[in-house]
Amino acid sequence: MIGIPLKTDKQTMEINLISYARLLINIPLDGPFMEYVDYINDKGRVTRQRVKYEWQPVKCDHCSMYGHIDEDCRKKKVVDKSGGWSIRKKKRGKNSSKHN
């Protein structure tokens, strides 16, 4: 089973459009996102159907959070290859002077 079925469109429910079935299914974020599903068709035969997802969540390999990829991770430390020294500009607030 892929997940919990929530709803379907009228064409799928009434079996009018036989080229594909359109379903809204609640799937856990951590997957797995199955490529195929096997089912028994109306003739009693086991049939394999490819699953196409309209959207899949993006998960960062570095911090394991959803919504961004590894390359965009804010928690990832940037390695300075120029000898270890880096200059950071100090943020100016209301109370900071211009000569820091």
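Selection of strands (runs of 3 or more DSSP E) fully inside the stretch 1-68 by the criterion of at least 2 residues being under 19 Å from the mean Cα position of the chain (by Cα) and free of Cβ contacts under 8 Å to residues at least 60 places away in the same chain returns 4-8, 23-26.
Considered as a group, the residues in the stretch 21-30 that are loosely packed, with under 11 Cβ neighbours inside 10 Å and out of contact with any Phe, Trp or Tyr (no Cβ under 8 Å at 6 or more places or on another chain) include one that is modelled with the lowest pLDDT, and that residue is Asp30.
On the stretch given as the stretch 38-50, residues that are modelled with pLDDT under 90 and surrounded by 11 or more Cβ atoms within 10 Å (Cβ to Cβ) total 1.
The values are calculated or read from the model by the stated rules, or taken from the named source; none is laboratory data. Predicted model, so just to flag it, every value in this text is computed and none were measured. Quick reminder, even Gly has a Cβ in these numbers, built from the backbone with ideal geometry, and neighbours come from all protein chains shown.
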